[in-house]
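A.B. asks: The structure under discussion is supplied below as structure tokens; questions concerning it will follow.
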Amino acid sequence: MAATTTGAPIRKACVIGAGVMGSGIAAQIANAGIPVLLLDIVPKDAANRNAIAEGAIAKLLKADPAPLMSSAAAKLITPGNIDDDLDKLAEVDWIVEAVIEKIEIKQALYRKLMDKRQPGSIVSSNTSTIPLAQLTEDLPEAFARDFCITHFFNPPRYMRLLEVVGGPKTDSAQIERIAAFGDIALGKMIVRGKDTPGFVANRIGVYWMQAAIIHALDLGLTVEMADAIMGRPIGAPKTGIFALLDLVGLDLMPHVDASLAASLPAGDPYLSIRRDFPLLTKMIAEGYTGRKGKGGFYRLNTEGGKKVKESVDLRTGAYAPSTAARLDSADAAKGGLRVLVTHPDAGGQYAWRVLSGMLSYAASLVPTIADDIVAVDQAIRTGFNFKRGPFEMIDELGAAWLAEALRKENRPVPDFLAMAAKAGSFYKVENGRLQYLGLDGSYRPVERPEGVLLLRDIKLASKPILKNGSASLWDIGDGVACLEFHSKMNAIDPDTLTLMKQSLDHVGKNMKALVLHNEADNFSVGANIGLALFAANIAMWPMIDDLIGQGIAVYKAIKYAPFPVVGAPSGMALGGGCEVLLHCAAIQAHSETYIGLVEVGVGLIPGWGGCAEMLIRYQPQSAKEPKGPMPPVAQAFETISLAKVAKSAAEAKQLRFLRRDDGITMNRDRLLADAKAKALALVAAGHQPPKPAELRLPGPSGKTALTLAVDGFVAQGKALAHDRAVSLTLAEALTGGATDMTEMIGEDQINKLAKQGFMKLLRSEPTLARMEHMLSTGKPLRN
Amino acid sequence: MTEAVIAGYVRSPFHFAGKGALAKLRPDDMAGAVIRGLIDKTGIDVKDVEDLLVGCAFPEGEQGLNVARLIGFIADLPQSVAGATINRFCGSSMQGIHSAAGAIALGAGDVFICAGIESMSRVPMMGFNPLPNPALTERLPAAYISMGETAENVAKKYKLDRREQEELALSSHRKASAARQGGRLADEIIPVKVGNETVSIDGCIRDETTLEALAGLKPAFDQNGSVTAGTSSPLTDGASACLVTSADYAKAHGLPVLAKIRAIGVAGCAPEIMGIGPVAATRKALKRAGLTIKDIDIIELNEAFASQALACMRDLEIDPNKMNLDGGAIALGHPLGATGARITGKAAALLKREGKQFSLSTQCIGGGQGITTILEAV
């Protein structure tokens, strides 16, 4: 890990309870490179006493999306059982309990491990429903001191939220220690909650779900209509409410509802909106538990050999073919939340009822559930994947407007909301810093943890050094600049290339190093193929030729810059977005980075230096790897011709998109700071640009070998006619054209061959058809 | 002419390449262990060994250099024992036996260890640096044809339907499974150590396979074809070794002779139907032995693919009841360079076990060849 944690390091962990959550948590600990024991009970009459934990690991390896980031991570999980293996706790620094939500079982387990654990080790529960006070009742002081709640969200690898809750007896140093580990090693957004029912995210999120269900029923909406509003229009995931229930499992809702209702104080607004939902009970009883079962509010009817998407009629419970919701309000929501909630149609009324309830509920819960609004917003954003937290949503509506609208309906206005209405908003920007409203009515800056550097904070505080429609250059301090892409989907276009070039000039003259980073969902989806297709359709070949040449030149300038350029990607980095990274002096990647050269999907090959850079990366790195001209070619050919995309930064290392000494940052919020530190370290080490690579390539014999292999794939039906054409063009570039293995060939020559191949393919009808299809459907055409 | 005899036969367990139990074992170490096993089993005085002949189809990487010499060192053979690596693709280690028999006939040595090795886990088919001749490829594309494609060609030429091929595959598994369960394979297997584990049984045999299971597989090489992974021999790791000596030496040293070498043959054929290579090679060998196929009691026909095995059976009029009594390569596996010594040694052992007179071992060879050995009980 790039950053250090607080307190004694956590070198080894143990998760007890190998269910979905327990095994998922173990996987994320392993993803962080930390060995972890995964224990469960010994099944009755079992021949294999570790059967449950072993089964859970086998499931982890099969699950999609993958809970594990690499095959190496899987090896860090050791299965065991609580009867035979508790002695191993003596070496464990952190024990996570993720067993069934029954207090007597949890307490019995705590008593069992009490003498086995090493003094000072942290014990935490992943409970989502049992208060910490009850869990530690009657347990010794020494245990309670090391005990807290670490509440993960499912699936633990992908959901960023980790709620950490301590009790009055918990040693605050232990809380700091686990929070730092969760943040830096596990990459989680840490929200410190209070020991209240549902903690932070579920308290508000479950209210939202309940409200979304009952108001949909009351307004007589279809499930499609409800989901059309409760998804993107309000800034929630596109699953809305009913598709979300299908995803998480219908049977989860009654459990969560019952446990929350049982522990909430009398008079809590949640208690007044919850009610029986007989259809849900019936569906669960009939096995309609959602995607894990026969289906849920939606199902795929495959009777008669056809696949028909159906949905449930919320009034009758009968399935009928799904019909798209037609709601003006859903479209109008693009104009903002207030436009949505004031829209007169059923969707607008629905949004108002759900959001007004949820937002006033949230405003009434600070400081009961968390110290400040920042924590609440972070919890909803990272625990429920909302675009904005409740207080950010209130600001978008207007705090005063919301308060007034509630008053008009004779509904109570929470004090804190009234305060914000008076002050103007919950957040504001002052002196280039984001401020939030405290309970005392004054604003204070939103503090970032040490080691967190966010481009959005920098952007609030400064103006870009350079900027055009597709990219900007920012000063991120200490002589380091950050080049941000901001075109649609961060596609790389001529403007991006121009700004790259200008940035290289600027940094070369005025600064020490450059970082390529942005905070969009995806680093870059690649070159703008819409532009290339447009130019091809009107036969502007010289323009395309020039664009490819420009890309090669700019990427080369990145590689040979006299100062270090560090790539700091997160999300997808595909095609040209991958190639720019391949030219960086170093990469510091977010663990959730998905890198690949996917050009063959649109009938092209990498034209901006990707071919040469992959050949360089696949040169033997140890005496163990086979020598000769073919192995690097065969590997590059496989990776590029199959459009392999690494499903994590760890996998990107295996595929060699990342080099061995490239870094991985688990917490996205720490990525820019880590990349900047890496860049400065390279400067301090006296960075020198690399010497141009000279490669020994096999020439026509190698191309013949690849041709034979491709023909085999065609015969097997694994490759189509145009796949063959694209693959052979790729083979021509990777094998070095007419070169001979007695000669060395420079990367410029390889780039030239790749460019020729690219241009040839771009002039072919099947490639144009692939590009058109990709642009219109977002999916590859198989031709 | 001095007669040559087979005075010992052993092999390693055979396992799937990549996922099998031998994947992590270096091929030279595997062969070394098997040769030590042969020496222990036969009690031969290693000082008398003239040459170590090791068949290997892709002699590079860990099978590279002159791996036979290195295996000699690993097996602690005296440095005075020579070593040669022989490549005739799948026929490599049978060729080793032929070379030894020839040398014995010439009076150029009395004792030969004829081994075979292939780690298909660690050295890929086609090798690490496949560099076919572009001009030859242009002129004769079949020169580099993939083996699966040849199996399809043979199936088409002989109008062999998928079901027939699957029946042969099933029969191979059934026989191998029965042989393993009846303990009839244990005798020939030298357990090998992989790390801390000892591997002593075969890993490719599918005891439970059925015609239904085989019928469910997709064509492996041609989407419209009939050959599947189930009717092809699997990529396999394994090693084998035979002790070949002059009859006089065996007699003088009281070696338990299994059989004598009666006749041999090799022949070429069109590379695109390499699977019928055994036909011409066998006809030559039979003629040289003065025998007909009806005289042969035991037949080891390598099942590279069910289609080519069926084609050869048809052309040579082989009685299926005499063939591959303990299963063939579809069930046992086919570590290319090691197969020839296996099917020759196995035929010799079967002659003894079954109390029969003549055996015939034959196999097809990539590039379009066949190789055959006829043995006779002594």
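Listed here are the residues, each with its yes/no results for (1) modelled with pLDDT of 95 or more; (2) part of a strand (DSSP E or B); (3) in contact with a helix residue (DSSP H, G or I) (Cβ under 6 Å, 6 or more places away or on another chain); (4) closer than 24 Å to A:ASP183 by Cβ.
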site	(1), (2), (3), (4)
A:ARG117	yes, no, yes, yes
A:GLY120	no, no, no, yes
A:SER124	yes, yes, no, yes
A:THR129	no, no, yes, no
A:ALA133	no, no, no, no
A:ASP138	no, no, no, no
A:ALA142	no, no, no, no
A:ILE149	yes, yes, yes, yes
A:PRO156	yes, no, yes, yes
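A.B. asks: What is the number of the single condition among (1) within 26 Å of B:TYR144 (Cα to Cα); (2) away from chain B (no Cβ under 14 Å) that A:ASP748 does not meet?
C.D. replies: Evaluating A:ASP748 over (1) within 26 Å of B:TYR144 (Cα to Cα); (2) away from chain B (no Cβ under 14 Å) leaves (1) as the failure.
A.B. asks: Given the criterion touching a residue at least 60 places away in the same chain (Cβ under 8 Å) and not acidic (Asp, Glu), identify the matching residue among A:LEU514, A:LEU499. I'd like the intermediate steps shown before the answer.
C.D. replies: On the way: A:LEU499 fails: touching a residue at least 60 places away in the same chain (Cβ under 8 Å).
Testing whether each residue is touching a residue at least 60 places away in the same chain (Cβ under 8 Å) and not acidic (Asp, Glu) leaves just A:LEU514.
A.B. asks: Separate question: Kindly indicate whether A:GLN174 is part of a helix (DSSP H, G or I), outside the structural domain of A:ALA261 (by TED's automatic domain parsing), surrounded by fewer than 18 Cβ atoms within 10 Å (Cβ to Cβ) and polar (S, T, N, Q). Break it down into steps so the answer makes sense when it comes.
C.D. replies: On the way: part of a helix (DSSP H, G or I): yes; outside the structural domain of A:ALA261 (by TED's automatic domain parsing): yes; surrounded by fewer than 18 Cβ atoms within 10 Å (Cβ to Cβ): no; polar (S, T, N, Q): yes.
In short, no.
A.B. asks: Right, another one. Looking at the stretch B:190-203, is at least one residue surrounded by 13 or more Cβ atoms within 10 Å (Cβ to Cβ), within 14 Å of another protein chain (Cβ to nearest Cβ) and modelled with pLDDT of 95 or more?
C.D. replies: no
A.B. asks: Right, next: Regarding B:LYS159, is this residue more than 30 Å from B:ASN129 (Cα to Cα), away from chain A (no Cβ under 14 Å) and loosely packed, with under 13 Cβ neighbours inside 10 Å?
C.D. replies: Numbers: more than 30 Å from B:ASN129 (Cα to Cα): yes; away from chain A (no Cβ under 14 Å): yes; loosely packed, with under 13 Cβ neighbours inside 10 Å: yes.
Against the criterion (more than 30 Å from B:ASN129 (Cα to Cα), away from chain A (no Cβ under 14 Å) and loosely packed, with under 13 Cβ neighbours inside 10 Å), B:LYS159 qualifies.
A.B. asks: Moving on. Here's a check for you: in the stretch A:53-94, which residue that is among the charged types (D, E, K, R) and within 25 Å of A:SER648 (Cα to Cα) is nearest to the chain's Cα centre (by Cα)? I'd like the intermediate steps shown before the answer.
C.D. replies: So the first thing to find is which residues in the stretch A:53-94 are among the charged types (D, E, K, R), and the list is A:54, A:59, A:62, A:64, A:75, A:83-85, A:87-88, A:91, A:93.
Then drop every residue that is not within 25 Å of A:SER648 (Cα to Cα), which leaves A:54, A:59, A:62, A:64, A:75.
On the way: A:GLU54: 27, A:LYS59: 21, A:LYS62: 19, A:ASP64: 14, A:LYS75: 23 Å.
Among them, the one singled out is A:ASP64.
A.B. asks: Related question: Taking the stretch A:290-309, which residues are in contact with a strand residue (DSSP E or B) (Cβ under 6 Å, 6 or more places away or on another chain) and buried (at least 17 other Cβ atoms within 10 Å of the Cβ)?
C.D. replies: Answer for the stretch A:290-309, where residues must be in contact with a strand residue (DSSP E or B) (Cβ under 6 Å, 6 or more places away or on another chain) and buried (at least 17 other Cβ atoms within 10 Å of the Cβ): A:GLY296, A:PHE297, A:TYR298, A:ARG299.
A.B. asks: While we're on this one: Can you find a residue in the stretch A:711-721 that is closer than 25 Å to A:GLU613 by Cα, in contact (Cβ under 8 Å) with a residue 40 or more places away in the chain and not assigned by TED's automatic domain parsing to the domain that holds A:ILE538?
C.D. replies: no
A.B. asks: Got a sec? Which helices (runs of 4 or more DSSP H) wholly within the stretch A:523-636 have at least 2 residues that are aliphatic (A, V, I, L, M) and modelled with pLDDT of 95 or more? Please lay out each step first, then the result.
C.D. replies: Values: elements: A:529-537, A:541-559, A:576-582, A:610-617.
The qualifying helices (runs of 4 or more DSSP H) are A:541-559, A:576-582, A:610-617.
A.B. asks: In the stretch A:404-420, what residues are of a type in the set (Gly, Ala, Ser) and buried (at least 21 other Cβ atoms within 10 Å of the Cβ)? Spell out how you get there, then give the answer.
C.D. replies: Kept after step one, since they are of a type in the set (Gly, Ala, Ser), are these residues of the stretch A:404-420: A:405, A:418, A:420.
Result: A:ALA420, single match.
A.B. asks: Please go through the stretch B:274-292 and give me each residue that is in contact with a helix residue (DSSP H, G or I) (Cβ under 7 Å, 6 or more places away or on another chain) and touching a residue at least 40 places away in the same chain (Cβ under 8 Å), ordered by number.
C.D. replies: Restricting attention to the stretch B:274-292, the residues satisfying the condition of being in contact with a helix residue (DSSP H, G or I) (Cβ under 7 Å, 6 or more places away or on another chain) are B:274-276, B:278-279, B:282, B:286, B:292.
If the condition is that a residue be in contact with a helix residue (DSSP H, G or I) (Cβ under 7 Å, 6 or more places away or on another chain) and touching a residue at least 40 places away in the same chain (Cβ under 8 Å), then B:MET274, B:GLY275, B:ILE276, B:PRO278, B:VAL279, B:THR282, B:LEU286 are the ones that fit.
A.B. asks: While we're looking at this one, here's another question. Within the stretch A:435-452, which residues are touching a helix residue (DSSP H, G or I) at 6+ places or on another chain (Cβ under 6 Å) and either in a loop (DSSP other than H, G, I, E, B) or at pLDDT below 95 (or both)?
C.D. replies: Of everything in the stretch A:435-452, those that are touching a helix residue (DSSP H, G or I) at 6+ places or on another chain (Cβ under 6 Å) and either in a loop (DSSP other than H, G, I, E, B) or at pLDDT below 95 (or both) turn out to be A:GLY441, A:VAL446, A:GLY451, A:VAL452.
A.B. asks: If you don't mind, another one. Could you pull out the residue among B:ALA103, B:ALA142 that is away from chain A (no Cβ under 13 Å), out of contact with any strand residue (DSSP E or B) (no Cβ under 6 Å at 6 or more places or on another chain) and more than 29 Å from B:VAL194 (Cβ to Cβ)? First the steps, then the outcome.
C.D. replies: Numbers: B:ALA142 fails: away from chain A (no Cβ under 13 Å).
Answer to the check: B:ALA103.
A.B. asks: From the list A:ALA285, A:ALA243, A:ALA261, A:ALA325, exactly one residue is over 17 Å from A:LEU217 (Cα atoms) and touching a helix residue (DSSP H, G or I) at 6+ places or on another chain (Cβ under 7 Å). Which is it?
C.D. replies: Just a single option satisfies the conditions, and that option is A:ALA261.
A.B. asks: Sort out which residues of the stretch A:382-402 are closer than 28 Å to A:ARG192 by Cα, without any contact (Cβ under 8 Å) to a residue 60 or more places away in the chain and not in a loop (DSSP other than H, G, I, E, B), and write them in order of number. Can you show your working first?
C.D. replies: Applying the first criterion (closer than 28 Å to A:ARG192 by Cα) to the stretch A:382-402 yields A:382-399, A:402.
Subset that is without any contact (Cβ under 8 Å) to a residue 60 or more places away in the chain: A:389, A:391-392, A:394-395, A:399, A:402.
Residues satisfying the conditions are A:PHE391, A:GLU392, A:ILE394, A:ASP395, A:ALA399, A:LEU402.
A.B. asks: Just to be sure, is B:VAL111 closer than 26 Å to B:LEU360 by Cβ, in contact (Cβ under 8 Å) with a residue 12 or more places away in the chain and more than 14 Å from chain A (Cβ to nearest Cβ)?
C.D. replies: Considered against the rule, which asks whether it is closer than 26 Å to B:LEU360 by Cβ, in contact (Cβ under 8 Å) with a residue 12 or more places away in the chain and more than 14 Å from chain A (Cβ to nearest Cβ), B:VAL111 comes out as yes.
A.B. asks: Got a sec? Which of A:ALA520, A:ALA481 is closer than 30 Å to A:ASN431 by Cα and in a strand (DSSP E or B)? Break it down into steps so the answer makes sense when it comes.
C.D. replies: Details: A:ALA520 fails: in a strand (DSSP E or B).
The unique qualifying residue is A:ALA481.
A.B. asks: One residue is enough: does the stretch A:604-612 have a residue meeting the conditions in contact with an Asp or Glu (Cβ under 6 Å, 6 or more places away or on another chain), more than 14 Å from every other protein chain (Cβ to nearest Cβ), of a type outside the set (Gly, Ala, Ser) and under 23 Å from A:HIS486 (Cβ atoms)? Break it down into steps so the answer makes sense when it comes.
C.D. replies: Step one: list which residues in the stretch A:604-612 are in contact with an Asp or Glu (Cβ under 6 Å, 6 or more places away or on another chain), which gives A:605-606, A:608-610, A:612.
Still in the list and also more than 14 Å from every other protein chain (Cβ to nearest Cβ): A:605-606, A:608-610, A:612.
Then drop every residue that is not of a type outside the set (Gly, Ala, Ser), which leaves A:605-606, A:608.
Applying the additional criterion that residues be under 23 Å from A:HIS486 (Cβ atoms) yields A:608.
Yes, the stretch A:604-612 contains at least one residue that is in contact with an Asp or Glu (Cβ under 6 Å, 6 or more places away or on another chain), more than 14 Å from every other protein chain (Cβ to nearest Cβ), of a type outside the set (Gly, Ala, Ser) and under 23 Å from A:HIS486 (Cβ atoms).
A.B. asks: Report yes if B:GLU118 is charged (D, E, K, R) and in contact (Cβ under 8 Å) with a residue 40 or more places away in the chain, otherwise no.
C.D. replies: Working: charged (D, E, K, R): yes; in contact (Cβ under 8 Å) with a residue 40 or more places away in the chain: yes.
Considered against the rule, which asks whether it is charged (D, E, K, R) and in contact (Cβ under 8 Å) with a residue 40 or more places away in the chain, B:GLU118 comes out as yes.
To keep it simple, each residue is scored yes or no on (1) outside any strand (DSSP E or B); (2) buried (at least 19 other Cβ atoms within 10 Å of the Cβ); (3) within 14 Å of chain A (Cβ to nearest Cβ).
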site: B:ILE6; (1), (2), (3): no, yes, no
site: B:VAL34; (1), (2), (3): yes, yes, no
site: B:VAL54; (1), (2), (3): no, yes, no
site: B:LEU65; (1), (2), (3): yes, no, yes
site: B:LEU70; (1), (2), (3): yes, yes, no
site: B:GLN79; (1), (2), (3): yes, no, no
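A.B. asks: While we're here: In the stretch B:359-378, which residues are crowded, with 24+ Cβ neighbours inside 10 Å and either out of contact with any Pro (no Cβ under 6 Å at 6 or more places or on another chain) or closer than 20 Å to B:SER119 by Cβ (or both)? Spell out how you get there, then give the answer.
C.D. replies: If we filter the stretch B:359-378 for residues that are crowded, with 24+ Cβ neighbours inside 10 Å, which is where we start, we get B:359-365, B:370-375.
B:SER359, B:LEU360, B:SER361, B:GLN363, B:ILE365, B:ILE371, B:THR372, B:THR373, B:ILE374, B:LEU375 - these are the residues of the stretch B:359-378 that are crowded, with 24+ Cβ neighbours inside 10 Å and either out of contact with any Pro (no Cβ under 6 Å at 6 or more places or on another chain) or closer than 20 Å to B:SER119 by Cβ (or both).
A.B. asks: Find the helices (runs of 4 or more DSSP H) located wholly in the stretch A:186-264 whose residues include 3 or more that are surrounded by 21 or more Cβ atoms within 10 Å (Cβ to Cβ), and list them. If you could, list the steps in order and put the result at the bottom.
C.D. replies: On the way: elements: A:201-218, A:223-230, A:242-248, A:252-263.
Of the helices (runs of 4 or more DSSP H) lying wholly inside the stretch A:186-264, those with at least 3 residues that are surrounded by 21 or more Cβ atoms within 10 Å (Cβ to Cβ) span A:201-218, A:223-230, A:242-248.
A.B. asks: Give the residues of the stretch B:204-220 that are within 14 Å of chain A (Cβ to nearest Cβ) and assigned to a loop (DSSP other than H, G, I, E, B), sorted by residue number. Even if it seems obvious, please write down each step before you answer.
C.D. replies: Within the stretch B:204-220, the subset within 14 Å of chain A (Cβ to nearest Cβ) is B:217-220.
Within the stretch B:204-220, B:LEU217, B:LYS218, B:ALA220 meet the criteria.
A.B. asks: Would you be able to say whether some residue in the stretch A:746-753 is surrounded by fewer than 17 Cβ atoms within 10 Å (Cβ to Cβ), of a type in the set (Asp, Glu), at pLDDT 95 or above and within 30 Å of B:ALA135 (Cα to Cα)?
C.D. replies: yes
A.B. asks: Kindly check whether there is at least one residue in the stretch B:133-143 that is of a type in the set (Asp, Glu) and in contact (Cβ under 8 Å) with a residue 12 or more places away in the chain.
C.D. replies: no
The values are calculated or read from the model by the stated rules, or taken from the named source; none is laboratory data. Just so you know, these numbers come straight off a predicted model, no measurement behind them. Don't worry about glycine lacking a Cβ; one is built from the backbone with ideal geometry, like all the others, and counts go over all protein chains shown.
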